[in-house]
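Visitor: What follows is a structure written as structure tokens; I'll ask about it next.
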Amino acid sequence: MIRAVKKPMDNKVVEVDGESLTIEDVVSVARGNAMVSIAEAAKKRVTRSREALQKMVKDGKVIYGVNTGFGALANTRIPAEEIRRLQVNLIRSHSAGVGEPLPTEVVRAAMLLRVNTLAKGCSGTRLKILQTLVEMLNKRVHPVVPEKGSVGASGDLAPLSHLTLVLIGEGEAEYQGRILPGRQAMEAAGIPTVTLEAKEGIALNNGTQIMTAVAALTVYDAEKLVQTAEIAAALTLEALLGVVDAFDEKIHKARPHPGQIATARNIRSLISGSKLVRSGVEALKELGYPQDPYSLRCIPQVLGAVRDAVAYARRVVETEINSATDNPLVFADEGVCLSGGNFHGQPIAIAMDTLATALTVTGNFSERRTARLIDEKLNRGLPTFLVPPKAKKGLNSGFMTLQYTAAALASENKVLAHPACADSIPTSANFEDFVSMGTNAATKAVQTLENTQHIIAIELLCAAQAVEYRGQENLGKGTKRAYQAVRATVSRLEEDRQLSMDISTVVDELVRNGKLVETVKKEVPLV
């Protein structure tokens, strides 16, 4: 799963209004521990929604999940005196997750998203429920939530139930570095637990907040990874004495996909001033080739398509984080409570499967350039496996096995790219007969992201070593800054050493946290 990115506490306060939360807000709360507040307009909507629901119940209306059973038991009426017990039983019975606990940052993101969807005023809960969740976020009481057990409809029932347990003083929570019983954690933080009233259990565990929390963090990281992949590709382009014609703006305006145009622009910025790249005419005359293989020539077309896929995923996720996703929904102005299917995770499932596929492509593409860098038949005069001149070839293997690792990760990604959303196993006695598997899609996308981060780190290591033979003073403005960042993190290879440490260092210090992108942006503009 996602590893926490350690950052100083965010000074900003994220105000939740149910309408305007951004992925950046989610990251600020999840990773930066930004404080959270509820907008006054949202408080009024929540109160009005609750009053409308209470009137409907008082008037004797039959409302799914309020005075009926759940799922295939929806035809069972629940007496008024057992409505509270119904909500508590729902949370207890649905707390059936398994596996390792979700990372704290995912739990924090899910808590924030749960507050935001309730703040839309369509869920019929009391304001107290939102306020309790906000207080837990601000005092950092984090429920222990098993990562597995959701089929993505009716939303993330099992994990959201585990999250809700702590509100009622059950389950477990992490507080100040310790795992405590839920009630003990709440008491230690000075937060009163709640007694669930009509509809509040189903309002808390019915929705897509787990898959969407994972998705929001993954999209944020994927955007940075695409830029990092462009930097790595540009450094390889120069190390392999590439042809610049393929990045001419005229080519990309003739096929105006936004991502393709943006990636081509970034490559031009990165290699600006380079003495290593050639025009096609120069390359043919000096080196014997007029154009490059696809892994170099088609960088804008491939990484540009990845950019567009990530942009699609962002649009879906930002719509979802500002949506009402439980069931039924209360529409106070009309005085009605309607059952529907907004809990269904299909939008997130398809978006995350698309993202996983795009990240798989990114890794495959990078691995091909790494293979070219270390192959003396393809690397245009560089040493075999980039073994240093002073090191004895054969006695030293150089970067041979880095490509093995990249190939292994690229192959694993191809398995992970199989779409989770293409699968469905009916649940609840075949009443919930088509589910999204959206949470599986989101967690697969995370694994693919992490694999691809390592693949890109491997290309950066190989490209930086290759540049040693070309003269780093000949690099472009952006690639020179990238090379220097890699060298400030990992020294050049003089003789064989354990390379896993080098990979991990580049991932942790330059790739995962976006530092390489931030460093290069100080020298050249990137989009």
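The values are calculated or read from the model by the stated rules, or taken from the named source; none is laboratory data. Note that this is a predicted model, so its numbers are computed, not measured. Please note: Cβ atoms are built from the backbone with ideal geometry, for glycine as well, and neighbour counts cover all protein chains shown. These accessible areas exclude ligands, DNA and RNA; they are computed on the full protein's heavy atoms, side chains included. Shrake-Rupley method; radii C 1.70, N 1.55, O 1.52, S 1.80 Å.
Visitor: Which count do you get for residues in segment 352-367 that are open to solvent by 40 Å² or more (accessible area, probe 1.4 Å) and either under 12 Å from the mean Cα position of the chain (by Cα) or within 12 Å of LYS414 (Cα to Cα) (or both)?
Guide: Residues that pass the stated criteria total 3.
Visitor: OK, next. Out of all the residues in segment 230-249, which are β-branched (Val, Ile, Thr), part of a helix (DSSP H, G or I) and either over 24 Å from GLY514 (Cβ atoms) or open to solvent by 10 Å² or more (accessible area, probe 1.4 Å) (or both)?
Guide: Correct list: VAL244 only.
Visitor: Restricting the search to segment 288-308, which residues are open to solvent by less than 20 Å² (accessible area, probe 1.4 Å) and within 20 Å of ALA358 (Cα to Cα)?
Guide: SER295, LEU296, ILE299, PRO300, LEU303, GLY304, VAL306
Visitor: When you scan segment 388-416, how many residues do you find that are within 37 Å of the chain's Cα centre (by Cα), over 27 Å from GLN291 (Cα atoms) and free of Cβ contacts under 8 Å to residues at least 40 places away in the same chain?
Guide: Adding up the residues that qualify gives 5.
Visitor: Also: In segment 73-130, what residues are β-branched (Val, Ile, Thr), in a helix (DSSP H, G or I) and either modelled with pLDDT of 95 or more or closer than 21 Å to THR208 by Cα (or both)?
Guide: VAL88, ILE91, THR104, VAL106, VAL107, VAL115, THR117, ILE129
Visitor: Of the residues ARG114, ARG85, ARG77, ARG48, which is of a type outside the set (S, T, N, Q), within 20 Å of LEU160 (Cα to Cα) and either touching a His at 6+ places or on another chain (Cβ under 7 Å) or surrounded by fewer than 21 Cβ atoms within 10 Å (Cβ to Cβ) (or both)?
Guide: Of the residues listed, the single one that is of a type outside the set (S, T, N, Q), within 20 Å of LEU160 (Cα to Cα) and either touching a His at 6+ places or on another chain (Cβ under 7 Å) or surrounded by fewer than 21 Cβ atoms within 10 Å (Cβ to Cβ) (or both) is ARG85.
Visitor: GLY171 is checked against (1) open to solvent by 10 Å² or more (accessible area, probe 1.4 Å); (2) on the phi > 0 side of the Ramachandran plot; (3) in contact with a Lys or Arg (Cβ under 6 Å, 6 or more places away or on another chain) and fails just one. What number does that condition carry?
Guide: (3)
Visitor: Another question about this same structure. Among VAL520, VAL506, which is of a type outside the set (Gly, Ala, Ser), open to solvent by less than 20 Å² (accessible area, probe 1.4 Å) and farther than 15 Å from LEU402 by Cα?
Guide: Matching residue, one of VAL520, VAL506: VAL520.
Visitor: Can you tell me which of (1) in a loop (DSSP other than H, G, I, E, B); (2) over 22 Å from ILE210 (Cβ atoms); (3) open to solvent by less than 40 Å² (accessible area, probe 1.4 Å); (4) small (Gly, Ala, Ser) is the one ALA457 doesn't meet?
Guide: Here ALA457 clears every test but (1).
Visitor: I would also like to ask the following. Could you go through segment 411-422 and let me know if any residue there is within 28 Å of ASP508 (Cα to Cα), open to solvent by less than 40 Å² (accessible area, probe 1.4 Å), modelled with pLDDT of 95 or more and assigned to a helix (DSSP H, G or I).
Guide: Yes: one or more hits.
Visitor: Which one of these does MET501 not meet: (1) in a helix (DSSP H, G or I); (2) surrounded by 15 or more Cβ atoms within 10 Å (Cβ to Cβ); (3) among the hydrophobic types (A, V, I, L, M, F, W, C)?
Guide: (2)
Visitor: Mind telling me which of the residues LEU180, LEU167, LEU133, LEU217 ends up being in contact (Cβ under 8 Å) with a residue 40 or more places away in the chain and of a type outside the set (Gly, Ala, Ser)?
Guide: Just a single option satisfies the conditions, and that option is LEU217.
Visitor: Does TYR312 fit the bill of being open to solvent by 40 Å² or more (accessible area, probe 1.4 Å) and within 30 Å of GLY438 (Cβ to Cβ)?
Guide: Considered against the rule, which asks whether it is open to solvent by 40 Å² or more (accessible area, probe 1.4 Å) and within 30 Å of GLY438 (Cβ to Cβ), TYR312 comes out as yes.
Visitor: Scan segment 465-482 and give yes if some residue there is open to solvent by 30 Å² or more (accessible area, probe 1.4 Å) and in contact with a Cys (Cβ under 9 Å, 6 or more places away or on another chain), otherwise no.
Guide: no
Visitor: Shifting gears a bit: Name the residue, out of VAL467, VAL524, that is in contact (Cβ under 8 Å) with a residue 12 or more places away in the chain and not in a loop (DSSP other than H, G, I, E, B).
Guide: VAL467
Visitor: Just to verify a result, which residue in segment 315-351, among those that are aliphatic (A, V, I, L, M) and more than 19 Å from the chain's Cα centre (by Cα), is surrounded by the most Cβ atoms within 10 Å (Cβ to Cβ)?
Guide: Ranking the candidates gives VAL330 first.
Visitor: Any residue at all in segment 261-268 that is open to solvent by 10 Å² or more (accessible area, probe 1.4 Å) and in contact with a Phe, Trp or Tyr (Cβ under 8 Å, 6 or more places away or on another chain)?
Guide: yes
Visitor: Okay, next question. Just one of the numbered conditions (1) open to solvent by 40 Å² or more (accessible area, probe 1.4 Å); (2) over 30 Å from LYS275 (Cβ atoms) is not true of GLY438; which one?
Guide: (1)
Visitor: Which residue out of ARG492, ARG497, ARG481 is more than 28 Å from the chain's Cα centre (by Cα) and free of Cβ contacts under 8 Å to residues at least 60 places away in the same chain?
Guide: Result of the check over ARG492, ARG497, ARG481: ARG497.
Visitor: Would you say VAL219 is under 30 Å from GLY514 (Cα atoms) and surrounded by 22 or more Cβ atoms within 10 Å (Cβ to Cβ)?
Guide: Taking the combined requirement at face value, the residue satisfies it.
Visitor: Would you list the helices (runs of 4 or more DSSP H) that sit entirely within segment 151-216 and hold 1 or more residues that are touching a strand residue (DSSP E or B) at 6+ places or on another chain (Cβ under 6 Å) and modelled with pLDDT of 95 or more?
Guide: In segment 151-216, 157-165, 182-189 are the helices (runs of 4 or more DSSP H) which contain 1 or more residues that are touching a strand residue (DSSP E or B) at 6+ places or on another chain (Cβ under 6 Å) and modelled with pLDDT of 95 or more.
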